[in-house]
Amino acid sequence: MKPPIQVRYFLFADVKEYSRIPDTGMPEFASRFLGGVSALFTDSQKGLTPAIYANTWGDAIFLVFE
């Protein structure tokens, strides 16, 4: 018997003009911008559906939702 199909939704986005951020600005980018995005999708108190998986690669944001 096959397992039931599970529907998942993916969000993949690149940050506009990421390459213009100087190396000295990376800590602030990570804490303020990526931290803010993370808080939106991991805290169910914000009213948004929490992501079941989240990752970043430089300027890429990858989120998976049920």
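The values are calculated or read from the model by the stated rules, or taken from the named source; none is laboratory data. It should be emphasised that the depicted structure is a prediction, and the values quoted were computed from it without experimental measurement. With ideal geometry, Cβ positions are generated from the backbone for all residues, glycine too; neighbour counts draw on all protein chains shown.
The table for this structure:
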quantity: Residue that is modelled with the lowest pLDDT [pool: residues in region 1-31 that are loosely packed, with under 10 Cβ neighbours inside 10 Å and in a helix (DSSP H, G or I)]; calculated: 19
quantity: Residues that are over 15 Å from residue 60 (Cα atoms) and more than 16 Å from the chain's Cα centre (by Cα), drawn from region 17-37; calculated: 22, 23, 24, 25, 27, 28
quantity: Failed condition for residue 53, given (1) exposed (fewer than 12 other Cβ atoms within 10 Å of the Cβ); (2) of a type outside the set (Asp, Glu); (3) touching a helix residue (DSSP H, G or I) at 6+ places or on another chain (Cβ under 9 Å); calculated: (3)
